[in-house]
Amino acid sequence: MKIQNLLSEGFNLRLLATGSNLLSVSLRKVPVLLNLNSLSGIADQLVWLQLSNSGLQDTVLEILGELPNLRKLNLSKNNISDIGVNYLTGLAHLEYLNLYETKVSDSGAAMLATLPHLKELYLWQKQM
């Protein structure tokens, strides 16, 4: 039922490997109201999340900060700033983060430097 709910809310789900329950999730379409709370039902399985250009604001990043196994996160082209990035500093397994065309500053990037496994951070063409 959780999978059906996510599909009906505009998410695509893909298994990352045969015999694994790890998931990659992306938006199929940008809904009028994006409900990230629905991701909590698959939080342990979710390792890759693509939310570029989906109308996100800082406050909803608190939900993403509670995804314990997230390794790849694309938040490009969203209206997020250092306030939202602060919610992501607890993502202990995060390896890849795309913040292209966001309002995240050098200070926000410095907060992310504490992430122990972060290998790739994309932060350019910042919105002013």
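Against the empirical 2.2 N^0.38 Å scaling, what ratio does the C-alpha Rg of the stretch 75-128 come to? Before the final figure, lay out each step's value.
Details: Rg = 10.0 Å, N = 54, 2.2 N^0.38 = 10.0 Å.
My calculation over the Cα atoms of the stretch 75-128 gives 1.00.
To the nearest 0.05, what FRET efficiency results for ASN79 and THR18 with a Förster distance of 41 Å applied to their C-beta separation? It comes out at approximately 0.60.
About the Cα centre, and with charges only on the beta carbon of Lys, Arg (+1) and Asp, Glu (-1), how big is the dipole of the chain? Nearest 20 debye, please.
Numbers: 10 positive and 10 negative charges, 84 e Å.
Approximately 400 debye in magnitude.
Just subtract the alpha-carbon distance of ASN53 and SER107 from 0.36 nm times their residue separation and send over the number in nm, one decimal. Don't skip to the answer; put the middle values down first.
Details: separation 54, 0.36 × 54 = 19.44 nm, distance 2.25 nm.
Difference between extended and current length: 17.2 nm.
Label zone of LYS2 (point 7 Å out along Cα→Cβ, amide N under 18 Å): in the stretch 68-105 this covers 68-72. For a straight C-alpha distance cut-off of 17 angstrom, the aspartates and glutamates reachable from LYS2 (same-chain residues fewer than eight places away being disregarded) are ASP44. With contributions of -39500 (n - 2.57) from each DSSP H run of at least four residues, the per-residue ellipticity at 222 nm computed over the chain stands at -3500 deg cm²/dmol. Could you please tell me the mean projected area of the C-alpha convex hull for the chain, averaged over all directions and given in square nanometres to one decimal? Average projection, Cα convex hull of the chain: 7.5 nm². Beta bridges per DSSP, both residues in the chain: antiparallel share near 25 percent. If you run the Gaussian network model on the chain, springs between alpha carbon atoms under 10 Å, then out of SER40, SER76, SER107 the most flexible one is SER107.
Rolling a 1.4 angstrom probe over the protein heavy atoms with all chains in place gives the stretch 34-74 an accessible area of 42 Å² per residue.
The values are calculated or read from the model by the stated rules, or taken from the named source; none is laboratory data. In this text, all values refer to a predicted model and were calculated from it rather than measured experimentally. All Cβ positions, glycine included, derive from the backbone under ideal geometry; neighbour counts span all protein chains shown. Note: areas computed on protein heavy atoms with side chains; ligands, DNA, RNA excluded. Shrake-Rupley method; radii C 1.70, N 1.55, O 1.52, S 1.80 Å.
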